[in-house]
Protein chains: 2
Amino acid sequence: MSSVKKLGQQTYAFTNPPVFAGAASVVGPKEGQGPLGNQFDLVLQDSLNGEQTWEKAERKMLKESCQGAVKKAGLTPSDIDIMMAGDLLNQIISANFTARDLGIPFIGLYGACSTMFEGLALGSMLIDGGFADYVLTAASSHYNTAERQYRFPTEMGVQRPLTAQWTVTGAGAAVIGVQGQGPSITHITIGKVIDLGVKDSNDMGSAMAPAAADTIIRHFQDTGRSPSDYDLIVTGDLAAIGRALTEQLVKQAGYDISKNYTDCGILIFDPTQDTHAGGSGCGCSAVVLTGYLLKEIIAGRFKRVLGVGTGALLSPSSTLQGESIPGIGHGVVIDAYNLGG
Amino acid sequence: MSSVKKLGQQTYAFTNPPVFAGAASVVGPKEGQGPLGNQFDLVLQDSLNGEQTWEKAERKMLKESCQGAVKKAGLTPSDIDIMMAGDLLNQIISANFTARDLGIPFIGLYGACSTMFEGLALGSMLIDGGFADYVLTAASSHYNTAERQYRFPTEMGVQRPLTAQWTVTGAGAAVIGVQGQGPSITHITIGKVIDLGVKDSNDMGSAMAPAAADTIIRHFQDTGRSPSDYDLIVTGDLAAIGRALTEQLVKQAGYDISKNYTDCGILIFDPTQDTHAGGSGCGCSAVVLTGYLLKEIIAGRFKRVLGVGTGALLSPSSTLQGESIPGIGHGVVIDAYNLGG
């Protein structure tokens, strides 16, 4: 009876897959020293980015990444139909102020660290649905703004447990468009909010893993695909502990992703960088996607990638009021499809 | 050259206007004593709603409104393709936890008090684009949770200036669908973030008015319509001071809306209720729309309404760091179109 272009329960396959027209990434000094350091468009000299506060530094990064993506697409902000962005700061002020400066009709998103993939998923529907020629989607995070908002100001020097992750200082932006040459988004899987009861806000990887696994399993069930249909399956910011748990949960459903699955939070830092479990934050998947994965797809090293942006949907208040940590994962399939190959 | 279904720069006209299939509203005691008190589905006896914290009370209201809207549409949560919701609390925890409990694929939004209209606008595109048969959109706010997060805990008894607004305790939810009888959404106008430099967070109406006016003017320019094409033009939560300013700003662009323009923040409270400038909050436009306006349209008292959800995109941190208050307004045209009239 349904008239909807859905595959199964949560997945959409596009008739006209939106194409990545341009992408840009800006990262902090620590990310610049990591394994992907030479992949990013801009590595900041220091985490204040020439501003007086970390919040303003984050906003400036986000704006720079957006301007970079629009420029690389050969466009100007007035060519963009809709901008969709968000960040981790209360009231997503990084995104709101960036949208003010760019003057593009704006949809504010909050998907915690899943925001970049939430934006790509929504933006793809708007393009395939005929509502936009170009959508700009972006997300940012900053180690110092996140630590002081969610945990403790970094000046306090509070010791972090080994399950903790390191919030990436970075902003990534992408312009997706209705036509052109480039990697394209062929499918999306919209996630549900999943909560298996993890309450430790110093172990977000474990809290988000059930949501990541749920979306990955749902994606396979909806599409009839299997792990081997992908050169790479990559989650947003589960880091080492969450990655292992996700692999197990997906295996329990009958899918073995052990051979081709990793996480952006593992890719961005080296274990010697003392980030404990690995990277996290909206910026983590945003910069690994825009700075590294898209380039690898264009270079032909990955032909088809399933990316799942992951978010922990807690707040400091919800934790203080005894709540567990719900998570979400939004899946996006990026294919070399439109490269002419 | 554009393949996009746009009218002008920011407006979309739908080929298959999505229809309101069900809507529900839950409000606090003060809102129940207001001029629209007998219109709402549920009026709480007290603002804790049987919970131990105001945050949990707000979440319960939001869940109740969502369940009510789905039930009134004659559906169950599993019939809903996508839920889009948000609220004013940090990390939109009311919406995240509600989405967890309902188990519907979820897109988290942050548009401050414009969230309900942001969700209706986006949801309409997904339905008209063929991606969903039914979208659930919802928003909530709570006087006590908002005061302690944005200003001062209410127990402190801080005196409020007369320009201040009173955050509505309320949650509104609507299911829009691809077909059926009922008021329908024929056009949307996606807003830009506008900031004319207002810095007084006790005068949000003035801060948001330029964004509301910008969207109203843009809507008229994009559609070629004029104020007289609408029985009612209604903004989300500008209240008395913002309303007057919006009327002036729109008049400067050559459109006289003095005869048929009001604001949800004016409708929901009576001046004797000591709410100063009037109502505000995500819940304000959400409950006035779902509890009152839709019923008036169904009853034939308004044939065509332009609603503009308005949001102030500040955070306490941005204010402390000397920033002005950007605003946004998203326009939605609701027409008696599909009533068979």
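Read the figures in this text as sums done on the coordinates, not as results from a lab. In this text the structure is predicted, and so the values were computed from the model without any measurement. Methodologically, a virtual Cβ is constructed for each residue, glycine included, from the backbone with ideal geometry; neighbour enumeration extends over all protein chains shown.
DSSP beta bridges in chain A, what fraction antiparallel, as a percent rounded to 5? Counting only bridges with both partners in chain A, antiparallel ones make up about 65 percent. Taking the number of Cβ atoms within 10 Å of each Cβ as an exposure proxy, the fewest-first ranking of B:51, A:31, A:155 is A:155, B:51, A:31. Listed cross-link partners A:56/B:199; A:30/A:72; B:259/B:303; A:5/A:192; A:6/A:192 are compared with a 20 Å cut-off, the Cα-Cα value being larger for A:30/A:72. Count Lys and Arg as plus one, Asp and Glu as minus one, and take only other residues whose Cβ is under 13 Å from that of residue A:111; the net charge is then -2. Dividing the Cα radius of gyration of segment B:233-293 by 2.2 N^0.38 Å, with N the residue count, gives 1.12. Model label points for residue B:154 and residue B:226, set 7 angstrom from Cα along the Cα-to-Cβ axis, are 4.6 nm apart. Note: relative contact order over chain B, using C-alpha pairs below 8 Å and six or more positions apart, is 25 percent.
Using just its DSSP H runs of length 4 or more, each adding -39500 (n - 2.57), chain B gives a mean residue ellipticity at 222 nm of -9500 deg cm²/dmol after division by all residues. Per-residue Karplus couplings for segment B:12-29, computed as 6.51 cos²θ - 1.76 cosθ + 1.60 with θ equal to phi - 60°, are listed in order as 10, 10, 8, 6, 10, x, x, 10, 6, 9, x, 8, 8, 9, 10, 9, x, x Hz, Gly and Pro entered as x. If R0 is taken as 45 Å, the Cβ-Cβ distance between residue A:45 and residue A:78 corresponds to a FRET efficiency of 0.90.
Based on the Cα coordinates of segment A:1-74, what is the per residue volume of their convex hull in Å³?
162
Most simply put, segment B:6-177 has about 60% antiparallel DSSP beta bridges, counting only bridges with both residues inside it. On the principal axes of its alpha-carbon atoms, chain A has extents of 54, 47, 36 Å, going from largest to smallest. Debye calculation, C-alpha points only, no solvent: report log10 I(q)/I(0) for segment B:110-213 at q = 0.15, 0.19, 0.21 Å⁻¹, in the same order as the q values. With one equal scatterer per Cα and no solvent, log10 I(q)/I(0) is -0.79, -1.04, -1.14. For residue B:6, no residue has an amide H sitting under 5 Å from its own, ignoring neighbours fewer than 5 places away on the same chain, with H placed 1.01 Å from N. By the count of neighbouring beta-carbon atoms within 10 Å, fewest first, A:192, B:72 end up ordered B:72, A:192. Distant-in-sequence amide contacts of residue B:238, defined by a placed amide H-H separation under 5 Å and a gap of 5 or more residues or a different chain, comprise B:264, B:265.
Tell me, what is a quarter of the convex hull surface for the C-alpha atoms of the protein assembly as shown, in nm² with one decimal? Its Cα hull, projected and averaged over all orientations, spans 26.7 nm².
Once the Cβ-Cβ distance of residue A:202 and residue A:244 is raised to the sixth power relative to R0 = 22 Å, the FRET efficiency obtained is 0.85. Between B:107, B:266, B:297, the Gaussian network model of chain B with springs among Cα atoms under 10 angstrom shows the greatest mean-square fluctuation at B:107.
Convex hull of alpha carbon positions in segment A:183-338: directionally averaged projected area 8.9 nm². When DSSP beta bridges are restricted to pairs lying wholly in segment A:183-338, around 70% turn out antiparallel. For residue B:259, project a label point 7 Å along Cα to C-beta. Then give me every residue of segment B:201-243 with its amide nitrogen under 12 Å of that point. The answer is B:227-232, whose backbone nitrogens lie closer than 12 Å to the label point. Spatial offset of segment B:314-334 relative to segment A:238-260 amounts to 41 Å, using the alpha carbon center of each. Using a Gaussian network model of chain A in which every pair of alpha carbons under 10 angstrom is joined by a spring, one finds that among A:140, A:317, A:228 the greatest mean-square fluctuation is at A:317. Tell me the net charge near residue A:259. Cut-off is 11 Å between Cβ atoms, residue A:259 excluded, with +1 for each Lys or Arg and -1 for each Asp or Glu. After counting each charged neighbour, the total is -3.
With no solvent and one equal point scatterer placed on each C-alpha of segment A:157-243, evaluate the Debye formula and give log10 I(q)/I(0) for q = 0.18, 0.21, 0.26, 0.27 Å⁻¹, two decimals. Per q value, in the given order, log10 I(q)/I(0) is -1.01, -1.17, -1.32, -1.34. Counted residue by residue at 0.36 nm each, then reduced by the alpha carbon distance between them, the extension gain from residue B:15 to residue B:303 reaches 101.8 nm. The two copies A and B are related by a rotation, and the chain A beta carbon nearest its axis, with distance in whole angstrom, is A:129, 1. When Rg and the Kirkwood Rh are both derived from Cα coordinates, the Rg/Rh ratio for segment B:6-177 amounts to 1.00.
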